[in-house]
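Single-structure report; data block below.
Nothing in this text is a laboratory measurement; each read-out follows from the coordinates by a stated rule. Small disclaimer: the values here were computed from a predicted structure and weren't measured. For neighbour counting, all protein chains shown are included, and Cβ atoms are generated from backbone atoms with ideal geometry for every residue, glycine included.
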Amino acid sequence: MTNPYDSPHASPREPNVAPIWYTWFYKLYWPAWWIGTALIAGSWFGIVSSNVGWIGFGLAGAAAFGSYVLPSLAGVETEDFVILDSRLLKTKGDAYVNAIERFKDGASLMYDGVAFGFRPSNEIACGIVADNADLDDKAAMALANHAQAAFDTLKSESSEFRTAVVGRQFRISIMSGMDQFARELCRVVDGKLDWRR
């Protein structure tokens, strides 16, 4: 028996997947930036030559420049997001279909205070904001459990969401805020806390 809530407009296509070159850039971005910065600092203190410092400057500069330019070339819309609530999830109307379509195309999906988005390296990343930056293990796990519950709800009540995320590693990031200055306080993968301070 077919699901009566499945929309005839929903597309069975795979979620928007970043090109392999962008996946490699995503993996190498932070190491390149830190190595470049270390080489620059090393040249200032005479640990390495000035030529090596300039190489570090080029490396860090290329990583920073690439982080601004390459996402658009890869078709990654980093600022796009859609909001889904329990009402839309139950009715499965046009707004639901639009939200899922945009999510599959790379937009971040907000549900119950939790953001979900595709990341390179076959990840489905989940972001949740902490009440304050003074988290302990217990508070971090409470936030992670809320994020996990939202993820499980979406998987159980949306066949389109479930199909889109199947086979991907689920990662939870507990963030200090929602603005451009927000930082990742803690990461949770497979129920294990990884503090990023």
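Distance from a point 7 Å along Cα→Cβ of SER156 to each backbone N in the stretch 114-139: keep the residues under 15 Å and list them by number.
none
Please go through the residue pairs LYS90/LYS138; LYS90/LYS155; LYS104/LYS192 and name each one whose alpha carbons sit more than 21 Å apart in this structure.
In this structure, LYS90/LYS138; LYS104/LYS192 lie more than 21 Å apart at Cα.
Report the net charge of residues surrounding ALA149, where surrounding means a beta-carbon distance below 14 angstrom and charges are Lys +1, Arg +1, Asp -1, Glu -1.
-2
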